[in-house]
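Undergrad: For reference, the structure I am asking about is given below.
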Amino acid sequence: MLNVPPQAFPAPSSQQRAAAGGRAKVPLKPGRSLMDWIRLTKSGKDMTGLKGRLIEVTEDELAKHNKKEDCWICIRGFVYNVTPYMEYHPGGEDELMKAAGTDGTDLFDQVHRWVNYESMLKECLVGRMAVKPIAAPKEITSVSEEKKQLNGMLPEKKVLGASSKDLTPSYDWFQTDNLITIVIYTKQKGMNAELVILDCENKRLRGEIIVDDYSYLLEVDLDHAVQEDMAVNIAEKVGKVEIILKKKDNVHWKILGQPLENHNTFMKRTDRGLFYRKCKLVSKTEVTHDTKLFCLLLPESTHLHVPTGQHVYLKQIIAGTEVVKPYTPVLPFLPLDFQEPSCHDSAHLYLMIKIYSCGLFTQALDRLQIGDYISVSSPEGSFKKSQVQTSEDLFLLAAGTGFTPMVKLLNFALTEVSCLRTVKLIFFNRTEDDILWRNQLEQLALKDERFEVQFILSQPVRDWVGKQGMISPSLLSEFVKRSRKDSKVLICICGPTPFTEQGVQYLKDLGYSQEEVHPFTA
Ligand code: FAD
Ligand code: NAD
């Protein structure tokens with residue numbers, strides 16, 4: 001719906017536009033880019049037809065505005081007049097019309113909950129949905145009870161049904177003269193650093209524990225100040241997470257602090273809003289003529305490890321509007337020695353980003369100076385390491401910056417998956433100059449006999465003797481072959497949307513099952 005998808009960018013004449021089909025990929029008319037939309041919203045034009053007045057909207061009223069030329073949509077209780085946005089929606093008018101005159105929250109969340117519609121559509125805000133009177137529940141928990149101070153007693157948890165109650169994590173805390181220790185009992189085996197996300201800024205502590213598709217949140221305004229550095233200990237087998245904070249002053253804390261809005265909740269990850277922290281740009285180095293490696297430093301009081309195959313969202317204010325785009329962290333380089341799990345530097349985040357000459361977000365990114373800050377979200381993504389853990393053959397089909405999720409995946413596969421016999425990267429680019437980390441990939445292929453790389457160019461220049469062309473059934477049947485008749489195979493695919501969609505279809509036609517193919521998407 002109200003997406004600003006990365007898939008919106010192909011220029012009208014590009015190959016991507018031509019092949020685009022399905023959701024969120026329609027050609028926009030000239031003058032209908034996100035920047036044009038931002039300009040229109042800042043022009044002072046009355047976007048709602050209500051001259052800036054906000055109204056209460058009933059369901060009946062909302063339902064009346066269900067036409068292209070008069071379209072209102074409700075998202076999370078707020079109603080927007082999206083009529084002027086129709087032509088700017090990268091997913092197309094029809095996609096937007098699916099929610100016309102109704103509550104589009106679920107549809108929005110399914111497609112792109114990360115898009116900051118509040119900022120994008122603030123000039124289109126009509127008002128709030130009128131609250132329907134509901135019968136009073138028999139027992140009402142008073143707000144003051146909910147908001148009571150945290151003294152180690154566990155307040156009532158919002159969330160899930162009774163059956164899931166036993167799975168809900170809980171916490172406790174204790175102190176010494178210098179330290180505050182918070183213990184979270186996750187009730188999950190196999191806890192690891194990637195499942196624990198912590199941030200502490202200005203006494204505000206936020207600890208998120210990922211439990212499969214769910215998230216447990218501890219969110220407290222601490223009673224006293226703490227130092228920036230904190231320690232996290234994870235007892236993997238028993239699922240216990242210890243957060244150790246250093247007191248700034250050696251005073252005795254009577255309570256841990258005041259609970260914040262989502263404190264002690266356990267809910268579906270997709271129902272939690274994205275959380276951002278400000279990271280400092282510490283270096284920016286050239287990878288190719290148009291692609292750079294950005295190194296961001298996480299705050300000292302943040303504990304965040306982006307799992308293999310997952311991405312983060314970067315947020316910037318561009319022309320007064322918050323714009324959010326996804327990027328997949330990579331490693332600073334391709335490690336060549338895969339003898340043992342590499343010890344990653346967890347203080348930095350490396351992003352390999354292609355700067356488009358007319359790209360809204362990447363141009364703004366490229367203008368960032370060393371020392372500037374940018375907001376980075378917690379990780380998201382559907383890839384699970386277990387998908388590759390039992391594979392014997394791993395095929396990575398990457399196009400352009402679609403190479404980024406393959407970096408950590410390669411490292412993980414070659415380091416930690418002992419049953420893998422072959423790992424093959426088939427890397428599609430326009431020209432030789434566009435190939436990312438070519439040298440490193442070739443070195444790796446020389447060093448590790450399980451690994452092979454094949455470069456395929458769609459617009460080769462001069463005397464390219466290698467393979468040419470675009471993704472096709474014949475190319476895939478030549479390169480994607482099981483090493484043995486019954487090998488367990490995983491094929492990961494990432495690149496421009498048409499590339500990924502075509503790849504998935506061709507692989508299906510070649511007989512690979514859905515479980516054997518993982519497409520990376522937002
Ligand atoms: P836009 O303003 O959206 O595009 C403006 C113009 O730029 C277009 O009209 C077109 O002329 C040009 N343009 C942009 N992209 C293309 C293209 N592919 N082909 C031809 N012309 C184009 N990108 C990375 O560089 N690194 C990553 O690690 C990365 N990870 C991603 C992870 C996910 C899950 C997804 C969905 C996307 C990822 N992307 C990544 C893409 C990224 O999110 C942005 O879409 C991209 O940076 C372009 O943003 P922009 O605002 O600069 O361009
Ligand atoms: P590009 O435009 O330079 O194209 C690279 C290669 O992709 C081409 O040489 C061609 O072989 C293939 N290709 C391009 N358009 C195609 C089409 N219409 N049909 C079939 N094949 C096509 O690529 P780029 O500018 O580096 O873009 C990379 C893309 O990867 C972006 O769309 C980005 O959003 C996406 N990406 C997605 C993720 C993710 O979902 N996790 C991560 C990183 C990048």
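Readers should treat all values here as calculations from the given coordinates under stated rules, not as data from a laboratory. Keep in mind that this is a model prediction, so the values were computed, not measured. No Cβ is skipped: glycine too gets one built from the backbone with ideal geometry, and neighbour counts run over all protein chains shown.
Undergrad: If I stretch the segment between E228 and K508 completely, what's the gain in nm (0.36 nm per residue apart, minus their alpha carbon distance), one decimal?
TA: Values: separation 280, 0.36 × 280 = 100.80 nm, distance 5.07 nm.
Length gained, E228 through K508: 95.7 nm.
Undergrad: Tell me which of V82, A399, G207 sits at the most positive position along the dipole axis of the chain, charges placed on C-beta atoms (Lys, Arg +1; Asp, Glu -1).
TA: My answer, from the dipole projection, is V82.
Undergrad: Another one. Once you have the Cα-Cα distance between N202 and S346, take 0.36 nm times their residue separation minus that, and quote the gain in nm to one decimal. Don't jump to the answer; show the numbers that get you there.
TA: Working: separation 144, 0.36 × 144 = 51.84 nm, distance 2.18 nm.
Gain in length upon complete extension: 49.7 nm.
Undergrad: Restricting to DSSP H runs of at least four residues, report the calculated mean residue ellipticity at 222 nm for the chain, -39500 (n - 2.57) per run over all residues, nearest 500 deg cm²/dmol. Show your work: numbers first, answer last.
TA: Numbers: 13 runs with 94 residues, N = 522.
Taking each H run of at least 4 residues, the total per residue is -4500 deg cm²/dmol.
Undergrad: Can you compute the FRET efficiency between S487 and K248 using 1/(1 + (r/R0)^6), with r the Cβ-Cβ distance and R0 = 51 Å? Round to the nearest 0.05. Write down the numbers at each step before the final one.
TA: Numbers: r = 57 Å, r/R0 = 1.12.
For R0 = 51 Å, the calculated efficiency reads 0.35.
Undergrad: Using 0.36 nm per residue, how much length does the chain from R128 to V461 gain when fully extended, once their Cα-Cα distance is taken away? Spell out each step's value before the answer.
TA: On the way: separation 333, 0.36 × 333 = 119.88 nm, distance 5.72 nm.
Here the answer is 114.2 nm.
Undergrad: Now for a separate question. Size of the dipole of the chain about the Cα centre, Lys and Arg at +1 and Asp and Glu at -1 on the beta carbon, nothing else charged, in debye to 20?
TA: Details: 65 positive and 67 negative charges, 99 e Å.
Taking the Cα centre of the chain as origin, the dipole is about 480 debye.
Undergrad: If you consider only alpha-carbon coordinates, what radius of gyration and Dmax does the stretch 270-376 have, in Å?
TA: 14.4, 49
Undergrad: Please identify the chymotrypsin sites (Phe, Trp or Tyr not before Pro) of the stretch 353-457 that satisfy two criteria: DSSP loop assignment and at most 15 other Cβ atoms within 10 Å. Which are they?
TA: On the way: sites: Y356, F361, Y373, F383, F395, F403, F412, F427, F428, W437, F451, F455; in loops: Y356, F383, W437.
Taking the stretch 353-457 and a limit of 15 other Cβ atoms within 10 Å, the loop chymotrypsin sites (Phe, Trp or Tyr not before Pro) found are Y356.
Undergrad: Given that compact globular proteins tend to follow 2.2 N^0.38 Å, what is the ratio of the alpha-carbon Rg of the stretch 212-258 to that value? Kindly include the intermediate steps, with their values, before the conclusion.
TA: Values: Rg = 13.2 Å, N = 47, 2.2 N^0.38 = 9.5 Å.
My calculation over the Cα atoms of the stretch 212-258 gives 1.39.
Undergrad: Between their Cα atoms, which of K424/K485; K280/K354; K278/K408; K42/K315; K189/K385 are more than 21 Å away from each other? Can you show the working numbers first?
TA: Details: K424/K485 17 Å; K280/K354 19 Å; K278/K408 23 Å; K42/K315 19 Å; K189/K385 16 Å.
Listed pairs above 21 Å: K278/K408.
Undergrad: In Å, the Kirkwood hydrodynamic radius of the stretch 175-260 over pairs of distinct alpha carbons?
TA: On the way: mean 1/r = 0.0752 Å⁻¹.
Kirkwood radius, the stretch 175-260: 13.3 Å.
Undergrad: A further question on this structure: For the modelled label position 7 Å from the Cα of A319 along Cα-to-Cβ, which residues of the stretch 29-63 have backbone nitrogen atoms closer than 17 Å?
TA: In the stretch 29-63, the label zone of A319 (backbone N under 17 Å from the point 7 Å along Cα→Cβ) covers 29-47.
Undergrad: Out of every Cα pair in the chain, what percent are spaced more than 39 Å from each other? Before the final figure, lay out the partial values.
TA: On the way: 45084 of 135981 pairs.
The share of Cα pairs beyond 39 Å in the chain comes to 33 percent.
Undergrad: So for the chain, taking the charge dipole from beta-carbon charges (+1 Lys/Arg, -1 Asp/Glu), which of F333, V461, P519 sits furthest toward the positive end?
TA: Comparing the listed Cα positions along the dipole, V461 ranks first.
Undergrad: Over the chain, what relative contact order in percent results from Cα pairs under 8 Å that are six or more residues apart?
TA: Values: 1023 pairs, mean separation 57.2, N = 522.
For the chain, the relative contact order is 11 percent.
Undergrad: Taking a quarter of the surface of the convex hull around the Cα atoms of the stretch 36-131, what do you get in nm²?
TA: Working: hull surface 22.6 nm².
Mean projected area of the Cα convex hull: 5.6 nm².
Undergrad: So what's the Cα pair-distance distribution over the stretch 343-428, bin width 5 Å, in %?
TA: Once binned at 5 Å, the Cα pair distances of the stretch 343-428 give 3, 10, 17, 19, 18, 14, 9, 6, 3.
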